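*Asks:* Just dropping this structure here.
The values are calculated or read from the model by the stated rules, or taken from the named source; none is laboratory data. Nothing here was measured: the structure is a model prediction, and the numbers come from that model. FYI the Cβ positions are ideal-geometry reconstructions off the backbone, even for glycines, and counts take in every protein chain you see. To get the accessible areas, we keep the full protein, side chains included, count just its heavy atoms, and leave off ligands, DNA and RNA. Shrake-Rupley method; radii C 1.70, N 1.55, O 1.52, S 1.80 Å.
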Amino acid sequence: MFHNFKEVEKYILDQGIKKRLALANAHDEDALEAVVMAVRKGVADATLIGVSEKILAILDKLGEDSARYEIIDCKNEREAGQMACQMVKEQKADMPMKGLMQTATFMRCILDKERYGFVPEGSLLSQATVMEYEDRLMIVTDCAVNVSPDYNDKVKLVKNAVKLAGKLRIDCPKVAVVAPVETVNPKMPATVDAALLSKAAERGQIKGCIIDGPLGMDNAISEEAARHKGIHSPVAGHPDIILMPDLCAGNIFTKTIYYFAHLISAGTLTGTSCPVVMTSRTDSPEDKFNSILIAIMQC
């Protein structure tokens, strides 16, 4: 198990792993700074697609030699996204990365089954946030893609997160299915879904993990809070994965951990046939670099 992103970086370097990423609309200072960080540290090579004069200006500002990069001039953000995806399809790059562009534009490229086929049949594209919490890495999903997942969607969200956990050396991850309350209330569908997921895992219908829910966020994270409420669970207080009830809760939570708690984090897409680096425009260069590390681990 990795305890922090520094350990992930060390593992990648010790294994001699280096991947090529294609940064779409690369004329974004924070995204490009993260890529430069990855190149300097020796974990990645990069193709930069976007407005070349702006890319060169940012590289110069960062004190970086532009000769270390393949730079493709492109003035249209959708075409830049398509070029990045095409490079991955043709195995000229290992992963596409979102730069200065609308998330919807980037997602349309990723979801284009006719051209790229990055989302296998029967798979559900989802997003996960990996964060450093206390002495371990924790996964929170879904925070950016699925608006109102139903029970069947949540089964796939769990499976995507469990697969990601495996890549991060977390064996048999503990999954906390959170809701506003920790008791089943038919008027709150999230609590019903949580109970169904927990029972399905207990019966072996969802494999490779331990699931419990519904759990409030307090007793999901704090063993003391769980004990105070009389909850006895192998998951409460020790989750490796937190499954959010919907995108609203997940998105607000991830912004809260950044702006209020200042936790170090990374964002990644799951359920795809290749790693995809999709970060928020508000993410710091360090968080974007961590997202590259997580994507490399998924190769």
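*Asks:* N146: surrounded by fewer than 24 Cβ atoms within 10 Å (Cβ to Cβ), within 15 Å of the chain's Cα centre (by Cα) and of a type in the set (S, T, N, Q), yes or no?
*Replies:* yes
*Asks:* I need a count of the residues in region 20-29 that are crowded, with 20+ Cβ neighbours inside 10 Å and among the charged types (D, E, K, R).
*Replies:* 1
*Asks:* Check G208, G216 and return the single one that is in contact (Cβ under 8 Å) with a residue 12 or more places away in the chain and on the phi > 0 side of the Ramachandran plot.
*Replies:* G208
*Asks:* Moving on to the next point. Of all residues in region 46-85, which are closer than 19 Å to F289 by Cβ, over 24 Å from the mean Cα position of the chain (by Cα) and among the β-branched types (V, I, T)?
*Replies:* Residues satisfying the conditions are I55, I58.
*Asks:* Further, regarding this structure: Six or more apart or on different chains, Cβ atoms under 9 Å: show the pairs whose first residue is in region 188-201 and farther than 13 Å from D153 by Cβ and open to solvent by 20 Å² or more (accessible area, probe 1.4 Å) and whose second is assigned to a helix (DSSP H, G or I) and among the hydroxyl-bearing types (S, T, Y).
*Replies:* From residues that are farther than 13 Å from D153 by Cβ and open to solvent by 20 Å² or more (accessible area, probe 1.4 Å), the pairs are V192/Y151.
*Asks:* If you go through region 107-124, how many residues are touching a residue at least 40 places away in the same chain (Cβ under 8 Å), farther than 11 Å from K89 by Cβ and part of a loop (DSSP other than H, G, I, E, B)?
*Replies:* Here the count works out to 4.
*Asks:* From (1) touching a helix residue (DSSP H, G or I) at 6+ places or on another chain (Cβ under 9 Å); (2) open to solvent by less than 40 Å² (accessible area, probe 1.4 Å); (3) not hydrophobic (A, V, I, L, M, F, W, C), pick out the condition that doesn't hold for G250.
*Replies:* (1)
*Asks:* Report, by residue number, each residue of region 253-287 that is surrounded by fewer than 18 Cβ atoms within 10 Å (Cβ to Cβ) and not in a helix (DSSP H, G or I).
*Replies:* Scanning region 253-287 gives F260, A261, H262, L263, S273, R281, T282, S284.
*Asks:* Of all residues in region 1-19 being touching an Asp or Glu at 6+ places or on another chain (Cβ under 9 Å) and open to solvent by less than 50 Å² (accessible area, probe 1.4 Å), which is nearest to P239 (Cα to Cα)?
*Replies:* N4
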